[in-house]
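Reading through the structure tokens given below for one structure.
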Amino acid sequence: MGDGRHPAAELAIETRGLTKRFGHQTAVNSIDLAVPRGSVFGFLGPNGSGKTTTIRVALGLAAATSGQVSVLGQEMPRRLKDVLPHVGALVEGPGFYPFLSGAANLHRLDSADRYAPSATRRARVREALDRVGLGHAAGKKVGAYSLGMKQRLGLANALLMPRELLVLDEPTNGLDPLGTREVRNLVRSLAAEGTTVFVSSHLLAEVEQMCTHVAVMSVGRLVAQGTLDDLRRAGEARVRVRTPDIAGALRVLAALGLVPEQTEPPGRAGDDDGVVSAPLAPGSTAPEAIVAALVAGDVRVRAFSVDRASLEDRFVALTGEGFDIAQ
Amino acid sequence: MPSDPLVRAGNLPCARPAVGWDLFASELAVLFRRRRTWAMLLALAAVPVLIAVAVRLSSSPPEPGRGPPFLDRVTQNGLFVGITALVVCIPLFLPLTVGVVAGDTIAGEANLGTLRYLLVVPAGRVRLLLVKFAGAAAFCLAATLTVVVSGALIGAALFPVGPVTLLSGDTISVGESILRSLLVAGYVTVSLLGLSAIGLFISTLTVVPVGAMAATIVLSVVAQVLGALPQLEWLHPWLFSHYWLDFADLLRQPIAWTSFGDNALLQAGYAAVFGALAYGRFVTKDILS
């Protein structure tokens, strides 16, 4: 996407040829990431594909081996002091002092922020804790928190100040289904307020439910990037015809300009039906016209469908492996 | 520049950042809210108590020249308990506690995962180093004051208190002797700053706080062992432990400030060198913990 469609200021995060090597291992390999402002951007990839390393470099925690990063239109890490006050982050799990209470931990991190007014600190801490549903556990020591509660506290920390960009690395790790849902709602409401949200995840379903844009990492490379719809469209649609008249169906579909094949021989389901299917390019023959042609060609159509490749199929195709396999 | 997105967004609550004393206050709060810190201070406070009780219970008064310096004076004047306890604590106990605090500064935050969050705030790496060093220095002061104050209290409880005879033979009032005790505490605090800077530097090298603590403590022992070898006399003035026990000059009338000055200069040198090393290491370090 480094084609200049987005002026720099319209991108919340932009990387150009970003590479990070640890010794001989290349964790991030020349990626060009473009996160539009106002988007909810899903950063997908199997564990170990370089997502967290990319985030660390973008936040100035680690230095890039080569390439450039800019955040909110400012070059990083040169403008780090100006940029980071506008960025809330949850990086690779929560990190807190176990001997301090949740509220005291947030006080600590907030007092490190030179732009955060101390006069409103108490109120902002309380508000952030309430927003993630931790109000009742504010005074409890973090050592006694469950993983899910720590994760929520990490989110509360990112929300201590109004932010233009939130970078959330695996925000639903350790949360139960209800907590996951709450995080999704939280992200949606933040996005509705105009905050750009950059969420990394290895869970496809999570990204699919809350993101407008997606980028996919695989073994340190960016293998796809765009809006969720772009990515969905990129997966091909197929027509499937269930019929006992295999030969007839193949003939009719071929006559329509499709490239059909028999994907299931007759008789497998205990009847004499088989399945013929063919890829359907967007904008070619309308599905209803195909059915009409089949019926006109004396093909007994017992079932007909146009299946779009699921995002999951698409991601498996892109990342090559099962989605949770570490590289 | 109106097209600057950061300015355009106008989210900054104030145009200029605060100086940031809040972080130092928060550092002190975190340090002194830890049970570990209190355990160490309690152990230090117990040293003068042990000494005073042992001397009180023994049938014969301590003979001059046996045991730690000033021990023989304790029975005559309780105000000497604190000074005696400091002498006992300086070679091991104080460096031990300071090693724990200084070794924990950066490595401890890295170990908890709080370092990345502090840096993303952004706390600023240089600012964080300065605050951490200041926090360690505050602990040095707290530790020495604990020994002196605990010593004065137990001394006053178990032994007579009165005008103090100084090493020069002069006698000073109780009030002034308290001032002198605080002065000695200040001297010992300054003595420990070099070690704190070394601990801070070692702490930037690792994410295992225990390793940094142990290394710092070992170095303090090594410095004292080297300082005890006459063959290495040329090296002695450069050891950070060289002036550790030289606070006797503060117990003369008039006060001889030479050793205080030499010590302060040496410790400042150590703080500058190891502070610079810590800066060089930490400012460019990849935070991967």
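The values are calculated or read from the model by the stated rules, or taken from the named source; none is laboratory data. All values derive from a computational prediction rather than experimental measurement. Cβ: placed from backbone, ideal geometry, glycine included. Neighbour counts: every protein chain shown. The protein model used for the area step is the full one, side chains on, heavy atoms only, and it has no ligands, DNA or RNA in it. Shrake-Rupley method; radii C 1.70, N 1.55, O 1.52, S 1.80 Å.
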For every other residue with a beta carbon closer than 15 angstrom to the beta carbon of B:T206, add +1 if it is Lys or Arg and -1 if Asp or Glu, then tell me the sum.
0
Over all directions, what mean area does the Cα convex hull of the protein assembly as shown project, stated in square nanometres?
39.1
Between A:D298 and A:A237, what is the FRET efficiency for a Förster distance of 45 Å, r being their Cβ-Cβ separation, to the nearest 0.05?
0.95
Taking chain B and counting helices only, DSSP H stretches of n ≥ 4 at -39,500 (n - 2.57) each over all residues, the nearest-500 ellipticity at 222 nm comes to -21500 deg cm²/dmol
Solvent-accessible surface (1.4 angstrom probe) belonging to B:D286, in square angstrom, nearest 10
40
On a 1.4 Å probe surface of the protein chains, which of B:W238, B:W38 comes out largest in accessible area, and what is the full order?
B:W238, B:W38
If each of A:R122 and B:L141 carries a label point 7 Å out from its Cα toward its Cβ, how far apart are those two points in nm?
2.6
Please report the antiparallel percentage of the DSSP beta bridges confined to the protein assembly as shown, to the nearest 5.
70
May I ask for the equivalent-ellipsoid semi-axes of region A:44-194, computed as the square root of five times each C-alpha gyration tensor eigenvalue and listed largest first in whole Å?
25, 19, 15
For region B:183-260, what class follows from the C-alpha gyration tensor (a ≥ b ≥ c being the square roots of its eigenvalues): rounded when a/c is under 1.5, otherwise prolate if a/b is larger than b/c, else oblate?
oblate
Keeping to pairs on different chains or 8 or more places apart, tell me how many lysine pairs in the protein assembly as shown have Cα atoms under 24 Å apart.
12
What's the total accessible area buried between chains B and A, using a 1.4 Å probe, rounded to the nearest 100 Å²?
3800
Candidates A:G267, A:G133, A:G194: whichever shows maximal mean-square fluctuation once chain A is modelled as a Gaussian network with Cα springs under 10 Å:
A:G267
Rounded to the nearest 500 deg cm²/dmol, what is the calculated helix-only ellipticity per residue at 222 nm for chain A, with -39500 (n - 2.57) per DSSP H run of length n ≥ 4?
-9000 deg cm²/dmol
With +1 on the Cβ of every Lys and Arg and -1 on the Cβ of every Asp and Glu, and nothing else charged, how large is the dipole of region A:8-233 about its Cα centre, in debye rounded to the nearest 20?
580
About the Cα centre, charge dipole magnitude for region B:18-283 (Lys/Arg +1, Asp/Glu -1 at Cβ), debye:
740
A:H107 accessible area, nearest 10 Å², 1.4 Å probe?
60
What is the Cα convex hull volume of region A:1-115 when expressed per residue in Å³?
136
Counting only DSSP beta bridges with both residues in chain A, tell me the antiparallel percent, nearest 5.
70
Distance between region B:263-279 and region B:176-232 - C-alpha centres, whole angstrom:
12
With N set to the number of residues, divide the alpha-carbon radius of gyration of region A:178-238 by 2.2 N^0.38 Å and report two decimals.
1.24
What is the pair-distance distribution P(r) of chain A, computed from all Cα-Cα distances in 20 Å bins starting at 0, with each bin given as a whole percent?
28, 44, 22, 6, 0
Tail beyond 17 Å, pair distance distribution of region A:236-308 (Cα, percent)
32
Charge tally for neighbours of A:A112 with beta carbon under 13 Å away, counting Lys, Arg as +1 and Asp, Glu as -1, is +3
So how do A:T52, A:T212 rank on accessible area, 1.4 Å probe, biggest first, that is with the largest at the start?
A:T212, A:T52
Compute the signed sum of charges (Lys and Arg +1, Asp and Glu -1) over the other residues within less than 10 Å, Cβ to Cβ, of A:R242.
0
First obtain the Kirkwood hydrodynamic radius of chain B from its Cα pairs, then insert it into the Stokes-Einstein equation at 10 °C and 1.306 mPa s, and state the resulting D in µm² per second as a whole number.
77
